[in-house]
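As structure tokens, the structure follows; a few thoughts come after it.
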Amino acid sequence: MGVVAFLGLGSNLGDRLTNLQAAVDALQTEPGLRVITSSRVWETTPVGGPPQPDYLNAVIRVETDLSARDLLDTGRRIEARLGRVRKERWGARTIDVDILLYDGEQIDEPDLVVPHPRMAERAFVVLPLLELDPDRVLPDGTRLKDVRVDTDSVSPSASPLAVRP
């Protein structure tokens, strides 16, 4: 498999930890996609949007032969399968699967922006991503370890999600 990508996972409805693991399990069954590793799970207060429960978040590293567009479609299909309903922007959800980074590429399309446009502002993305790739340089040349985020709203919550060898 040729491309390394990082996906952000989040859940704040139902059994949040089970939802995150179900997303990893579903991704592992997709042709052309291999989950390599997971960060720890972090508990996070919601950022923006309506009042809602706290999130559990994790970042996973994948290798894939899928294009970024196909990876986005795969994530959305898994979200739907796991009960995600898109009612309101930044609303509560059973599962969220976001493409954070895709092989160092920069993509700017109406429904696909990579790197994720607010990733460097969100501790629930930066901290788990640092666990997986502390030396990562973002496509704009910024070193991930130089990104400063407010860590008051996040805390480690659980071990990394299980990844099938």
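The values are calculated or read from the model by the stated rules, or taken from the named source; none is laboratory data. This is a predicted model, so every value here is computed, not measured. Cβ atoms come from the backbone with ideal geometry, glycine included; neighbour counts cover every protein chain shown.
Kindly list the number of the only condition in (1) in contact (Cβ under 8 Å) with a residue 24 or more places away in the chain; (2) surrounded by fewer than 13 Cβ atoms within 10 Å (Cβ to Cβ); (3) not charged (D, E, K, R) that fails for PRO165. Here PRO165 clears every test but (1).
Residues that are surrounded by 16 or more Cβ atoms within 10 Å (Cβ to Cβ) and either modelled with pLDDT under 95 or of a type in the set (Val, Ile, Thr) (or both) within region 16-49 comprise VAL24, VAL35, VAL41, THR44, PRO46, listed in sequence order.
Residues in region 8-25 that are farther than 22 Å from VAL114 by Cβ and of a type outside the set (Val, Ile, Thr): ASN12, LEU13, GLY14, ASP15, ARG16, LEU17, ASN19, GLN21, ALA22, ASP25. None of LEU71, LEU33, LEU56, LEU17 is within 21 Å of GLU121 (Cα to Cα) and of a type in the set (A, V, I, L, M) except LEU56. Looking only at region 112-121, count every residue that is surrounded by fewer than 21 Cβ atoms within 10 Å (Cβ to Cβ) and modelled with pLDDT of 90 or more and tell me the total. Residues flagged as surrounded by fewer than 21 Cβ atoms within 10 Å (Cβ to Cβ) and modelled with pLDDT of 90 or more within region 112-121 amount to 2. In region 91-107, of all residues being farther than 20 Å from THR64 by Cα and either at pLDDT 90 or above or not aliphatic (A, V, I, L, M) (or both), the one that is surrounded by the most Cβ atoms within 10 Å (Cβ to Cβ) corresponds to ILE95. Determine, yes or no, whether VAL147 is of a type in the set (A, V, I, L, M) and within 21 Å of VAL3 (Cα to Cα). No, not satisfied. Under the condition of being part of a loop (DSSP other than H, G, I, E, B) and within 18 Å of ILE78 (Cβ to Cβ), the residues counted in region 30-56 number 3. Within region 116-165, the set of residues being among the acidic types (Asp, Glu), farther than 21 Å from PRO53 by Cβ and in a loop (DSSP other than H, G, I, E, B) comprises ASP133, ASP135, ASP140.
Filtering PRO134, PRO115 for residues that are in contact (Cβ under 8 Å) with a residue 24 or more places away in the chain and more than 18 Å from GLU43 (Cβ to Cβ) leaves a single hit, PRO115.
The number of residues in region 100-113 being of a type outside the set (Asp, Glu) and out of contact with any helix residue (DSSP H, G or I) (no Cβ under 6 Å at 6 or more places or on another chain) comes to 5. In summary, strands (runs of 3 or more DSSP E) completely within region 59-115 and bearing 3 or more residues that are over 16 Å from GLY10 (Cβ atoms) and of a type in the set (A, V, I, L, M, F, W, C) occur at 112-114.
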